[in-house]
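Readers should treat all values here as calculations from the given coordinates under stated rules, not as data from a laboratory. Since this is a predicted model, take the numbers as computed values, not measurements. When we count neighbours, we look across all protein chains shown, and the Cβ atoms used for this are built from the backbone with ideal geometry, even at glycine.
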Amino acid sequence: MRRTPSGGAGSGTAARRGGLMSIGTVLQQLREEFPEVTISKIRFLEAEGLVEPRRTPSGYRKFSPEDVERLAYVLRIQRDHYLPLKVIREHLDALARGEEVQLPAPSRPRELLDGSADQDSEILAAARVGRAELIAAADVDEAELVEWESYGLIGPADERGYDIESVSVAKLIADLGRFGLEPRHLRVLKAAADREADLVEQVVAPLRRHRNPQTRIHAETTARELAALSVRLHAALVQSALRCRPH
C-alpha cells in the first residue's frame with residue numbers, strides 16, 4: 001500500500017474531489033499549482049514509474065486522488081529542491097514504507113528551469129540537468145534531442161549533465177520547429193552565438209585572470225551585461241533587416 005505524500009494546494013484539491021479521473025482532469029488540477037505542466041510531462045513521469053494509473057479495458061488512463069498527490073509531490077520536489085527523479089523515486093518508496101524523508105533546503109529556485117531568473121553566476125555554473133529532466137522540461141522526445149545534438153545545437157556541459165541554459169535552448173528550438181525551422185536551419189544561429197561568445201570572452205578574459213577576487217567577480221558581471229546587450233543588438237538588427245525588405 002503506497003503512502004500518499006502530503007502538502008501543497010494542488011494535491012489538496014485533488015484529494016477533496018475524489019474518484020477516478022482522466023489525464024485531462026488531472027492536468028487541470030495540477031495546473032492550479034504547476035501552470036507549466038503538460039500531458040507529455042505526466043506521461044513521462046508515468047513511464048519513469050513515479051505514478052501508476054489504472055487502465056480501463058480500452059486502455060484509457062484513470063488516476064486516483066492518490067496518484068494526483070504523488071504527481072504533485074514529484075513536481076513540487078523538482079521545482080523547490082531540484083532533485084533527480086531517481087532520488088524522488090527513492091523518497092516515494094521510503095514514504096510507502098512509512099519512513100520519514102528529509103529534504104534538503106531549497107537550493108535552486110524554480111525560475112532556473114524556465115529561464116526567468118537572474119541568478120548568481122556560480123549557481124548557474126554549478127546547476128546541471130540530467131538528460132531525462134531536460135527532455136521533460138522542454139517537452140520533447142529523445143529522437144528530437146538526438147537530432148539537435150547531431151547538429152551541434154545542444155550538448156552536455158560535462159559528465160554531470162547539461163547546464164541550466166540548455167533547458168531554455170531546447171524550448172526555443174522546439175518553438176522554432178513549430179514554424180517549420182529544422183535543426184539544419186538553426187546552425188547559422190549557433191555559429192553566430194559562438195562568435196558573439198568569443199567576442200565577449202576577449203573583453204573579459206583579462207579580468208578573469210586577475211588576482212583580485214573582486215575583479216574576477218566583476219568579470220562575470222561584465223560578461224552577463226555584454227551578453228544581454230549582444231542579444232538586444234541581435235534582435236534589433238533582425239527586426240531592422242526585416243523592415244527594410246520589400247513586402
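Structure data summary
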item	result
Charge tally in the Cβ shell below 14 Å around ARG209, where Lys, Arg are +1 and Asp, Glu are -1, ARG209 excluded	+1
Proximal lysines relative to LYS171, as straight alpha-carbon distance under 26 Å, when same-chain residues fewer than 8 apart are discounted	LYS41, LYS86, LYS190
Under 15 Å, Cβ to Cβ, from TYR151 - net charge with Lys/Arg +1 and Asp/Glu -1	-2
Virtual paramagnetic centre 7 Å along Cα→Cβ of ARG187, amide N under 17 Å, in the stretch 128-159	146-155
Highest to lowest packing among 230-239, 155-164, 20-29, scored as the average C-beta count within 10 Å	20-29, 155-164, 230-239
Relative frequency of Cα-Cα separations exceeding 17 Å in the stretch 29-73, percent	30
Rule-of-thumb Rg ratio for the stretch 195-247 [Cα; 2.2 N^0.38 Å; N residues]	1.56
